[in-house]
Amino acid sequence: MEEIEKKMDNGGKGGDSGREKKNVKEKEEEMERHERLYEVRSVSEYLKPLMSFMESVPEEEKVVLVGHSYGGIGISLAMEMFPTKVSVGIFLSAYMPHHESPPSVLIQEYFKRLLRDSPWIEKAYCNCLLEDLELTMALVKPTWLYPKEMEGEDLLTKERYGSGKRVFIVREGDNVVPEEIQKWMISNYEPNEVKVIEEAGHMAMLTEPQQLPQLLQEIAARYN
C-alpha cells in the first residue's frame, strides 16, 4: 500500500508540474498572439480570419454573419466578397454602410455625431458588471478604423453587398452608438428588418446573455 501511495504522490507531483508547464506555455502563446494583433495595420489583415473562414464555406452552404459596432464594416465587406454564401447579415448596433458611398463616409459621420464627452470605455460598458468588464478587457482585440482604406468607391456594390439580406438590431441605452445614430443608419440604408433590445447598452452580449442569442437564432431561422 505504501508503494502505491508513493507512486500516486509522485504522479501527482508530476501532474502538477505538467500543468504548470502547460499554463506557462499557454500564457506565452497568448502573449505572442496579443503582440501579433498589435502588428495588424490594415483592414485586409484584420479581416483575414473572417475572410479565410468564408472561403472555406462550401458553395452550396450559407452562413449568418453578425457584426457588432465597428464589426458591421467587416461583415459588409464579407457580404460583398461572398454574396452567395450569406443568408443574412445582422448588424448589432453596428456600422451599416450604404453601397452608394465608401464606408469612410459613414465612419466620418459617426465621429461628427459622437464621442465628445465621457470616455469610450465608460460609454461602452456602462451597463455591465465589473467582472464582465475585467474579463472583456483581458480578451479584447485591438483595432484601428483604417479610414484611408475605407475610401474606395468600389468597396461595396449594389449587385453584391446591396443584394444581401440585412437585419439591424437597435440597442436602447447604447452610449457608444446612440439610438439617434442607429436610427440615422437605418433611414440612410433601410434594412429588411429592424429589431429592438430594450436597455441593453452597447455590450448586449454581456447585459442580455439570454435574450440576444435567442433573438439571433430567431433571425437566423427566418432567413435560412
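The values are calculated or read from the model by the stated rules, or taken from the named source; none is laboratory data. Keep in mind that what you see is a predicted model, and the values were worked out from it rather than measured. With ideal geometry, Cβ positions are generated from the backbone for all residues, glycine too; neighbour counts draw on all protein chains shown.
The table for this structure:
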{"read-out": "Single residue of E100, E134 found to be in the same structural domain as V63 (by TED's automatic domain parsing), under 23 Å from A204 (Cβ atoms) and either at pLDDT below 80 or not in a helix (DSSP H, G or I) (or both)", "value": "E134"}
{"read-out": "Selection within the stretch 52-94 - within 11 Å of the chain's Cα centre (by Cα), on the phi < 0 side of the Ramachandran plot and assigned to a loop (DSSP other than H, G, I, E, B)", "value": "Y70, A94"}
{"read-out": "Matching residues in the stretch 190-214 - criterion: being crowded, with 18+ Cβ neighbours inside 10 Å and at pLDDT 95 or above", "value": "P191"}
{"read-out": "Test: G164 is surrounded by fewer than 19 Cβ atoms within 10 Å (Cβ to Cβ), of a type in the set (G, A, S) and in contact (Cβ under 8 Å) with a residue 40 or more places away in the chain", "value": "no"}
{"read-out": "Unique match (being more than 21 Å from I219 (Cα to Cα) and modelled with pLDDT of 65 or more) among G162, G173", "value": "G173"}
{"read-out": "First in the stretch 183-209 and more than 18 Å from I73 (Cα to Cα) and in the same structural domain as Y161 (by TED's automatic domain parsing), second anywhere and at pLDDT 90 or above and among the acidic types (D, E), Cβ under 9 Å, 6 or more apart", "value": "K195/E218"}
{"read-out": "Every residue from the stretch 137-159 that is modelled with pLDDT of 60 or more and of a type in the set (F, W, Y)", "value": "none"}
{"read-out": "Options S76, S56; residue that is surrounded by fewer than 10 Cβ atoms within 10 Å (Cβ to Cβ) and at pLDDT 80 or above", "value": "S56"}
